[in-house]
1. With a 10 Å radius around each residue's Cβ, average the other Cβ atoms per peptide and rank B:116-128, A:184-196, A:307-319, highest first.
2. Heavy atoms only, probe 1.4 angstrom, no DNA, RNA or ligands counted: give me A:Y216, B:Y137 ranked by accessible area, highest first.
3. Let me confirm one metric for peptide A:321-330, namely the mean number of other chain beta-carbon atoms within 10 Å of its residues' beta-carbons.
4. For the range A:1-90, go through all pairs of different Cα atoms, get the mean of 1/r, take its inverse, and jot down that Kirkwood value in Å.
5. Using alpha carbons only, how many angstrom separate the centre of the range B:41-102 from the centre of the range A:47-91?
6. Measuring from centroid to centroid over Cα atoms, what is the spacing of the range B:214-228 and the range A:231-277 in Å?
7. Out of all Cα-Cα pairs in the range A:212-318, roughly what percent, to the nearest whole number, are more than 18 Å apart?
8. For each pair in B:K81/B:K209; A:K337/B:K81; A:K337/B:K209, compute the distance between the two Cα atoms and list the pairs where it is over 24 Å.
Amino acid sequence: MYVAVKGGEAAIDNAHRLLAEVRRGDPAVPELTVAQIREQMRLLVDRVMTEGSLYDPDLAALALKQARGDVVEAVFLVRAYRTTLPRFGATEPVDTGAMTLARRISATFKDLPGGQVLGPTFDYTHRLVDFGLADGDSRDRSPDPAAEAEPEADAAACPRVTDLLGQAGLLEPSPPDAGAPVGDLTREPVDYPVDRAVRLQALARGDEGFLLALGYSTQRGYGRTHPFVGEIRVGAVDLEFTPEELGFPVGLGTVDLTECQMINQFHGHGAVPPQFTRGYGLVFGQGERKAMAMALVDRSLRAAELGEAVAVPAQDQEFVLAHCDSLQATGFVEHMKLPHYVDFQAELDLVRRLRAEHAARAAAPPPESDESPLREAAE
Amino acid sequence: MNPSNPAAAPAAVTVSAGPGYSFAYLDAGTKRMIRRAILKAIAIPGYQVPFAAREMPMPYGWGTGGVQVTAAILGAADVLKVIDQGADDTTNAVSIRRFFTATAGIATTTRTAEASVIQTRHRIPEAPLVEGQVLVYQVPIPEPLRFLEPRETETRQLHALAEYGLMHVKLYEDIARHGHIATTYAYPVEVAGRYVMDPSPTPKFDNPKMDDCPALQLFGAGREKRIYAIPPYTRVRSLDFEDHPFRVQSFDRPCALCGAEGVYLDEVVLDDAGGRMFVCSDTDHCESRLGESCLGETRRADGQTGEAA
């Protein structure tokens, strides 16, 4: 006997209790602290801050704890919190040229003012599992004389590579800051086609995996842009805000950023001489993969502006912007878990009818004239 | 829609949203922005008005558009009903109803007739709506032309020019290929003789209920950031051809619980031997009829009275 399903409320409550229990895992194992996640899962925290578009390491770490380590779920928690925060205003533009560098590399110049600073990186590590880590970090913390010998990066003499090339006119200059208001896709609906600022905002919030694959596709022939890593720099920049009642900027603190300037070959057209063009990536914390992918896709999305054909997904801003947000994507994909039985019933009804007609046609002798049911229906 | 009439708010209603959140979750500035979009949508029936949808504490695709519309129009004196697939007790309907109970402290109901605001996913209630009621639809893809033309820049132009040939060709090709229009839900309609509109994924069975409806119908798409509306008593015509007129689904049996005919039924699989039964999709409609003891065949056979369903 069918009984209509009741008790959704009790089921939801029980599911949430069970979730809390499995989130904690084996109670015999010590519980993670937010500080542990913040300090030791820092790249994950950085990613959640970037895609959550909110710079708050403690909140991102807490979100990761609550989300059982699910990145998209943690991003969701951060975004849903961010949306409730009041907006006091916008800070002054950050000056990444004045960044306190932790890392700075260029793939286009062997040496350059300020030098190459490798910093903390997985690059050139051999990916061999360090079983010693399983029993705790027994690393010798005394200073290494070799490290002392390495020259310190001189922040004062560390101009951006793009500024060096730009002086010779070889590289397109940064567009001048006209002081025009900058769009914000979290406050205004996206109205295609959108300008580069809004595109960059969308890319910065976009899912790392999606942008990585799109950027990769441009390297494999789907909208080739001939990219070079002009520079990647990682470090802290000062954040300044000008309160209306003061009229001059005051320091708010520092944020860690990763900036990628991708330099792309460009043959010029019409009035524009051949020169190098740029793709730009900027993320919170250390996120080189994301910053590089973002720079590749940013350059790709400039196809129309630079007179190139818009032929592949990475060049199509409606395709990229409408699908790069992990929350929108996961929400719509996962909403398929919600009941759809009303619509499915409608489809069942149609498929049954079509099958009955199909069977009737198969059973009937082949039509001898143009009066087949199909033809008739089409008229 | 109490904000226009604060005097109607009973003093006894308290906001239990917890500290830090506004009545019905959204801050006043956001509500104002959404209400402006709603007013514009009502002024241009069937036109999709872009709005700056916020990130809500529930996922995109789970009703964030409908929730924002409801949050923007809800007043303290409103009585809210939330249905999903026609039922008040499906998990997402429960979740959304709870959200508003917690953030707005308003009264809720499962009775269509008692509700001033009804938020719905995939169905229009069977009981006719009346003046003063608002039906809020959750919309996944607001653009009826989206699957024919993926680009917003293109579809916007097609709407501006009222160029709906694509849609008619699609429907014609359905008939040519299958002998029928093979769209069974989200069946496109023309509103007030101008805009072609997606009615959200309601079965086409519900399309006629939108026509000349005394209630205000609002549609919210959160992920796609669009709001549109059908004002009360507006002409809503399902697209069709003279020789292939629009027809709704029909069922060859009544509801097995309440015996209702001419309503939309859910097919319930009873066993693994092909056993099936058909019951009302609209649980309130079914319960109301059972309360009036209109028993279907199952109930008569079991000798039960209508307490479940």
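1. Descending mean neighbour count gives B:116-128, A:307-319, A:184-196.
2. Numbers: A:Y216 135, B:Y137 0 Å².
Highest to lowest solvent-accessible surface, that is A:Y216, B:Y137.
3. Numbers: counts 0, 5, 0, 0, 3, 0, 5, 8, 3, 3.
Mean shielding by partner chains, rounded to a whole number: 3.
4. Working: mean 1/r = 0.0669 Å⁻¹.
Taking every pair of different Cα atoms in the range A:1-90, averaging 1/r and inverting gives 15.0 Å.
5. A separation of 24 Å, based on Cα centres.
6. 39 Å
7. On the way: 3161 of 5671 pairs.
Percentage above 18 Å: 56.
8. Values: B:K81/B:K209 18 Å; A:K337/B:K81 22 Å; A:K337/B:K209 28 Å.
From B:K81/B:K209; A:K337/B:K81; A:K337/B:K209, over 24 Å: A:K337/B:K209.
The values are calculated or read from the model by the stated rules, or taken from the named source; none is laboratory data. Predicted model, so just to flag it, every value in this text is computed and none were measured. With ideal geometry, Cβ positions are generated from the backbone for all residues, glycine too; neighbour counts draw on all protein chains shown. With ligands, DNA and RNA removed, areas are computed over all heavy atoms of the protein, side chains included. Shrake-Rupley method; radii C 1.70, N 1.55, O 1.52, S 1.80 Å.
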